[in-house]
Each structure stands twice: as C-alpha cells, then as structure tokens.
C-alpha cells in the first residue's frame, strides 16, 4: 500500500483540475499544466481534491500509483507557487548578468559563455554571483539549472565554480612537498 499514493492532492482556491481519460489538466494563477498517466492508475477529481487509485494489484500498478500522485501534486504546486532553483558562483572574476533573454557568464574561460534561456523558464541574476531559475515545470527548471551549472562545476580543491545554493562541496587537500 503506497503511503504517498493514497493521500488525495488538495486543490487550493483558484486552481481547477479537469480529467479526461488518463490525462489531467490543471489551471492556476501561474498557468496551465497537463500530465498523462499510465493505464495502470485511475485519476478522479472529487471534493476539491485529485485522487489517484491503482487498477489491480500488479507490481507495475503499485509503482505507478505513488509516482502519478507525485506528478499531479507537482502540477498543482507549479501552477500555484512555481518552482525555484538558486545557483551561486564562486571564483575570482566569475560573474553572471542577464541581457535580454541571454545569460552572460564569465567563468575563467577564454571566451564569454552566452546561455540562451528557453521558453517557460525565467532566469534572473540579482547579484553578479547569484543566478535564480524559476518556472512552473519542475523538470524544466531543474534541467536549465543543471545546464548552467555544467559550464563550470565546483572543483574540490578551491571550491571555484557554479553550485546550487546550500550545496556542500567536499574539499580535498592539495599536494604536499
């Protein structure tokens, strides 16, 4: 019995959900999102909440039950609050700034990195050493943050690079003579 799956997803005020077959569409103040569930689960909207129930007792149905409920909960959170990832830049001369729809990064490379921000995601640079990625799709926000971080991952000796806010980097000791 899935502990996560058996909890219904409450719909806050201003959010409406519509189920048609295996597809659920959630509309809220920040936008509209949709999710198509597998045939192993049943989606239903009742009493201002979305409930997910497995069809049968197969292993796959039980696996999809909790996952589908979490996906619906992410849709509801995305259209109400949205998702946010913060990145910190550490290193001498490393900085970021937004110019229109392009994030310009100086990361100690021989050239400046121009990162084109995709549709559906908002990237801001409140400080030169801070980047904030926001959007209503959790997967897309995480992917954009990861793509930015991949330009200069934090290294273990001096800790220079782009890291997630609050990320711990295991530090190594350098060579000894």
ask   = Quick one: residue 98 ticks every box in (1) in contact (Cβ under 8 Å) with a residue 24 or more places away in the chain; (2) within 17 Å of residue 152 (Cα to Cα) bar one, so which box is it?
value = (2)
request  = Spot the failing condition for residue 72; the list is (1) assigned by TED's automatic domain parsing to the domain that holds residue 143; (2) surrounded by 14 or more Cβ atoms within 10 Å (Cβ to Cβ); (3) not in a strand (DSSP E or B), and only one is missed.
outcome  = (1)
query = If you take just the strands (runs of 3 or more DSSP E) that sit entirely in the range 119-177, which of them hold at least 1 residues that are touching a strand residue (DSSP E or B) at 6+ places or on another chain (Cβ under 8 Å), under 24 Å from residue 26 (Cβ atoms) and not assigned by TED's automatic domain parsing to the domain that holds residue 27?
reply = 121-127, 130-135
Condition check for residue 50: in a strand (DSSP E or B) and either on the phi > 0 side of the Ramachandran plot or in contact with a strand residue (DSSP E or B) (Cβ under 8 Å, 6 or more places away or on another chain) (or both) = yes
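The values are calculated or read from the model by the stated rules, or taken from the named source; none is laboratory data. These figures come from a predicted structure and were not determined experimentally. Neighbour counts are summed over all protein chains in view; Cβ atoms, including those assigned to glycine, are modelled from backbone coordinates with ideal geometry.
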